[in-house]
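The values are calculated or read from the model by the stated rules, or taken from the named source; none is laboratory data. If you're wondering where the values come from, they're calculated on a predicted model, not measured in any experiment. Ideal geometry is used to build each Cβ from the backbone, glycine not excepted, and the neighbour counts take in all protein chains shown. Please note that ligands, DNA and RNA were not included when accessible areas were found on the heavy atoms of the full protein model with its side chains. Shrake-Rupley method; radii C 1.70, N 1.55, O 1.52, S 1.80 Å.
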Amino acid sequence: MGRKVWLGAAAAFLLGVGATVTVFELAEPSTGVTVSPAVPAEDTPRTRQALVAQWEKELAEAGLKLPEGWEKLSTDQIRAEYVSQKLANAGPPPTGPAHDPGFNGPDD
């Protein structure tokens, strides 16, 4: 009798796990699209020299130059300034229909 109870409990557990996975897949189908609020790590230069070059490029895009005394900044501070300027250059986030195209249907 004990063996049948254990087998029944194991079967019920496996069915429950399978049902849960199915429900989550149906509720949130995977589209393969990843949205990130931050600059992806692979897009951020790793060396100080590359960071300075990219930061200078982002500043030039905004009509600015490297601030006086930037040489004294640590690599982490330069990285933070670069990412901040890159986000500032990106502009405000989209709103309305541009925020989530297709949300209101196929005609959106």
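Observations, loosely collected:
- When V39 is tested against (1) β-branched (V, I, T); (2) exposed (fewer than 10 other Cβ atoms within 10 Å of the Cβ); (3) at pLDDT below 65, just one condition goes unmet, and that condition is (2).
- Scanning the stretch 46-66 for residues that are open to solvent by less than 60 Å² (accessible area, probe 1.4 Å) and either at positive phi or without any contact (Cβ under 8 Å) to a residue 12 or more places away in the chain (or both) yields A50, A53.
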